[in-house]
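Below is one structure, written out as structure tokens; comments come after it.
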Amino acid sequence: MGLGALGLAGVLADEGRASASTEGGVGLRQPQYGARVKRVIHFFCNGGPSHVDTFDPKPALQKHAGQPVPNTLTTERKTGGALPSAFAFKKYGESGLEISDLFQRTAQHADDIAVVRSMYAHVPNHEPSLMLMNCGDSAQPRPSVGAWVLYGLGAENRNLPGFIAMCPGGMPIKDSENWQSGFLPGVYQGTFIDPQHRQVEKLIENIRSPHASPGVQRSQLDLLQSLNTEHRQGRLDPRLDARIQSFELAFRMQSEAADAFDISREPQHIQELYGTHVHGRQTLMARRLLERGVRYVQLWHGAGQPWDNHSDIANAHRKLAGEIDGPIAALMADLKQRGMFEDTLIVWGGEFGRTPTSEGGSGRDHNHYGFSVWLAGGGIRGGTAYGATDDFGFQAVEKPTSVHDLHATILHLLGFDHEKLTYRYAGRDFRLTDVHGHVLRDILV
């Protein structure tokens, strides 16, 4: 049926995905109580950025360089002695929050940032840790955070997907499982975009039909709708309902997606603020999506796991941070001047951190015992360092913070009690945080 059949190919590719009735699609819904924010942008540094080189200074590493680090923790691979950071940390803003020179431009907004330095995960492997950070469970298939947010709040703009994941150059490991809808209705799954393409027609394949005008397409979809309605009479077919909604969304996107993703329509000074690198372009696209009512935008760093620097971490991290430092700072400044900063939540981090000891002399291995994420925007107490790892940065020792705690805090800022935002599936009321999680009230205003 033209556009629908072509444009929906990616959405429908995963036939095994569980689904439930869309109950009329993604309508606008109210939070459970007063929300501080209404949209989220998540910078996901897939591969695992080193906390001791970015947002968790550890001068003890320099003092004990090359020496064994006293601990009883095991690493995935054999590591050597303490590896000092190649980057200098400075105090920024009135708060004096310490940030490394990898993120000098982001650090200009230090008084808006709360760094959680005591995060921990369960295992030192990418796949389960990605699932834990994105879906709240490292083993069982569960809906992603963005899917839960869209389920809870609904969509403000019926002409655009409410949850979008962008990753330059292809998919991260675990592919679309990172933004899956799980057992939630399929309409809540994230829509993948590769921002490496500059033309809208390549960003969103088959966004326009080469064979039929909008009027003809509307007639085709109306006919298809009537046939589907007749087909589902007397039966419950959740997958069919999800497909109907996806066909309609694909049709409506023709009118708005071209504008939303076309950053050439931005003033020249705004384009220069974000820069011409793909990360600058995708961050500017994200801002345009957020201001058009998209609820949750996740910006991945690149295909695979680019931050997984087991060797030459100094040069690798310098390059990677250099690609996103400017765009992050630009986004924060841009949101402030547009009056969007106070109701937008910004999250930065990866699936785990890296060891304070060396791997092969110049790299760092995976470290799930302690790492950092940071949050900024509406409801966040800026200039805050919450929790701490030990003197070397190996393990969270002060106010250990689980991924469930992080998710509970995100939902709280969006106006939800994480224990009450549930979905009944297979006879049980499920939630993003399972049976865990506490709101990090010390980082909230």
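Could you run through the range 293-338 and say how many residues are crowded, with 17+ Cβ neighbours inside 10 Å and basic (Lys, Arg)?
Total meeting the criteria: 1.
Would you confirm whether or not the range 28-44 contains a residue that is part of a helix (DSSP H, G or I), at pLDDT below 90 and within 30 Å of Leu223 (Cα to Cα)?
no
Of all residues in the range 202-217, which are exposed (fewer than 15 other Cβ atoms within 10 Å of the Cβ), under 20 Å from Pro161 (Cβ atoms) and modelled with pLDDT of 70 or more?
Matches in the range 202-217: Lys202, Pro214.
Return the pairs, sorted by first residue and then second, in which the second residue is in a helix (DSSP H, G or I) and hydrophobic (A, V, I, L, M, F, W, C), the first residue lies in the range 98-114 and is without any contact (Cβ under 8 Å) to a residue 60 or more places away in the chain, the beta carbons are less than 8 Å apart, and the residues are 6+ apart or on different chains.
Ile99/Ala107; Ile99/Ala110
When the range 323-342 is examined, which residues are found to be touching a residue at least 40 places away in the same chain (Cβ under 8 Å), in a helix (DSSP H, G or I) and of a type outside the set (D, E, K, R)?
Selection gives Ile324, Gly326, Pro327, Ile328, Ala329, Ala330, Leu331, Met332, Ala333, Leu335, Phe341.
Quickly run through the range 157-197 and pick out the residues that are under 21 Å from Ser138 (Cβ atoms), in contact with a helix residue (DSSP H, G or I) (Cβ under 6 Å, 6 or more places away or on another chain), small (Gly, Ala, Ser) and not in a loop (DSSP other than H, G, I, E, B).
Ala165
Can you say whether Pro143 is in a loop (DSSP other than H, G, I, E, B), crowded, with 17+ Cβ neighbours inside 10 Å and touching a strand residue (DSSP E or B) at 6+ places or on another chain (Cβ under 7 Å), as far as the supplied structure shows?
no
In the range 252-309, how many residues are part of a strand (DSSP E or B) and either farther than 30 Å from Arg77 by Cβ or not small (Gly, Ala, Ser) (or both)?
Total satisfying the criteria: 5.
Among the residues of the range 185-197, how many are in contact with a strand residue (DSSP E or B) (Cβ under 6 Å, 6 or more places away or on another chain) and surrounded by fewer than 24 Cβ atoms within 10 Å (Cβ to Cβ)?
The total comes to 4.
Quick one: would you say Met171 is within 14 Å of the chain's Cα centre (by Cα) and under 26 Å from Ala385 (Cβ atoms)?
Spelling it out, it is not the case that Met171 is within 14 Å of the chain's Cα centre (by Cα) and under 26 Å from Ala385 (Cβ atoms).
Determine if the range 85-104 includes at least one residue that is in contact with an Asp or Glu (Cβ under 6 Å, 6 or more places away or on another chain), at pLDDT 95 or above, at negative phi and part of a helix (DSSP H, G or I).
Checked the range 85-104: at least one residue is in contact with an Asp or Glu (Cβ under 6 Å, 6 or more places away or on another chain), at pLDDT 95 or above, at negative phi and part of a helix (DSSP H, G or I).
The values are calculated or read from the model by the stated rules, or taken from the named source; none is laboratory data. Everything numeric here is computed off the predicted structure, so don't read it as measured data. Methodologically, a virtual Cβ is constructed for each residue, glycine included, from the backbone with ideal geometry; neighbour enumeration extends over all protein chains shown.
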